[in-house]
Amino acid sequence: MGAVPIFWYLSLSAVLFTLGVAGFVFRRNIITVFMSIELMLNAVNLSFITFSYRWKQVDGHLLAFFVMVVAAAEAAVGLAIILTVYKNRQTLNIDEIDTLKN
Amino acid sequence: MDVILFLAFAIIAVVCAVNVVVQTHPISSAISLVGVMGSLAVLYLLLGAEFLAAAQVIVYAGAIMVLFVFVIMLLNAGAEVKKGQSNMALFLGGPLLAGLVVLLVWFVQHFFGADVTVRFGSFQGGGPRDVGTALFTRYLLPFEITSILILIAIVGAIVLARKEID
């Protein structure tokens, strides 16, 4: 004992990713949907870093770092879009934002 | 010790992630997401990623989540109201998602047996020096492209969120 099998880390990543997908699919609040995307990105980062450990290479760390940077940019633009949508529609429910459907 | 730390923070992460999904109020989801990110930072440390553990706390738990909380407060977002929504999605989607997680776990277990283990301290190449060296040599072009991406994101966010001035 004393060492953790590597597939525990990968399974944790899979569970977190699936919870992110569940939040993305089932929730109706646009901000919660957006947070579910962040949860999925975090799960993928955990996988990257675990693989980096497995092959003793730093490349996975850099990929996770780039994912983090893109997530920051995405959060800034996404939240600005949410602000604009709220200003025009006064709602955060994604079922009521269906202009493209009609 | 490794096992105890891993299990403790993995359980915190999963419980917080479930809380993100089931809470109806966005602010509760946001706080739970901070919990997920904090426990993931500890797991990064266990995997030898010191730089990324710090970046996770500063960038994700610090900057991005503060942005989320700002927007939730700004919009005064209340609890989600359910109306006219059938339970069909839950009945169909729940088993499908359970199938997805079982498939993924089976897949990683198939490729990485129990003999491949993580031991704290056996990978030393994750400090700021190693990450920085790789970032400014092999990954220089992606790094520069990232800076342009962030510039575009800043300009886009300002254009989207500003008030119209006539």
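The values are calculated or read from the model by the stated rules, or taken from the named source; none is laboratory data. It should be emphasised that the depicted structure is a prediction, and the values quoted were computed from it without experimental measurement. Every residue, glycine as well, gets a Cβ built from its backbone with ideal geometry; the counts of neighbours run over all protein chains shown.
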ask   = Which residue out of A:Ile37, A:Ile97 is within 30 Å of B:Lys163 (Cβ to Cβ), surrounded by fewer than 19 Cβ atoms within 10 Å (Cβ to Cβ), touching a Ser or Thr at 6+ places or on another chain (Cβ under 8 Å) and more than 9 Å from every other protein chain (Cβ to nearest Cβ)?
value = A:Ile97
message = Suppose the filter is more than 7 Å from chain A (Cβ to nearest Cβ), in contact (Cβ under 8 Å) with a residue 12 or more places away in the chain, among the aliphatic types (A, V, I, L, M) and loosely packed, with under 15 Cβ neighbours inside 10 Å; does B:Ala79 pass it?
response = yes
query = What is the one condition in (1) without any contact (Cβ under 8 Å) to a residue 24 or more places away in the chain; (2) more than 7 Å from chain B (Cβ to nearest Cβ); (3) aromatic (Phe, Trp, Tyr) that A:Phe17 does not satisfy?
reply = (1)
task = Identify, from the list A:Glu96, A:Glu74, the residue that is under 20 Å from B:Leu75 (Cβ atoms) and modelled with pLDDT of 90 or more.
result = A:Glu74
request  = Give the number of residues within region A:20-34 that are within 7 Å of chain B (Cβ to nearest Cβ) and either touching a Pro at 6+ places or on another chain (Cβ under 9 Å) or assigned to a helix (DSSP H, G or I) (or both).
outcome  = 8
Members of region B:100-123 found to be at pLDDT below 85, surrounded by 14 or more Cβ atoms within 10 Å (Cβ to Cβ) and among the aliphatic types (A, V, I, L, M), listed by number = B:Val118
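If a residue must be hydrophobic (A, V, I, L, M, F, W, C) and closer than 21 Å to A:Ser11 by Cβ, how many such residues does region B:112-145 contain? Break it down stepwise before answering.
Residues of region B:112-145 hydrophobic (A, V, I, L, M, F, W, C): B:112, B:114, B:116, B:118, B:120, B:123, B:131, B:134-136, B:140-141, B:143, B:145.
Next cut, closer than 21 Å to A:Ser11 by Cβ only: B:112, B:114, B:116, B:118, B:120, B:123.
Number satisfying all stated conditions: 6.
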request  = Would you point out which residue out of B:Leu74, B:Leu47 is in contact with a Leu (Cβ under 9 Å, 6 or more places away or on another chain), modelled with pLDDT under 95 and crowded, with 22+ Cβ neighbours inside 10 Å?
outcome  = B:Leu47
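Report yes if some residue within region A:74-85 is facing chain B (nearest Cβ under 7 Å) and in contact (Cβ under 8 Å) with a residue 60 or more places away in the chain; otherwise report no. Lay out the reasoning, then the answer.
First pass over region A:74-85, keeping only residues facing chain B (nearest Cβ under 7 Å): A:75-77, A:79-84.
Those left that are additionally in contact (Cβ under 8 Å) with a residue 60 or more places away in the chain: none.
Among the residues of region A:74-85, not one is facing chain B (nearest Cβ under 7 Å) and in contact (Cβ under 8 Å) with a residue 60 or more places away in the chain, which makes the answer no.
Out of B:Leu141, B:Leu135, I need the residue that is farther than 30 Å from B:Met1 by Cβ, more than 7 Å from chain A (Cβ to nearest Cβ) and either among the aliphatic types (A, V, I, L, M) or surrounded by fewer than 11 Cβ atoms within 10 Å (Cβ to Cβ) (or both). Which one?
After ruling out the rest, the residue left standing is B:Leu141.
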key: Candidates A:Ala80, A:Ala64, A:Ala72 - the one that is surrounded by fewer than 21 Cβ atoms within 10 Å (Cβ to Cβ) and closer than 23 Å to B:Phe136 by Cα   = A:Ala72
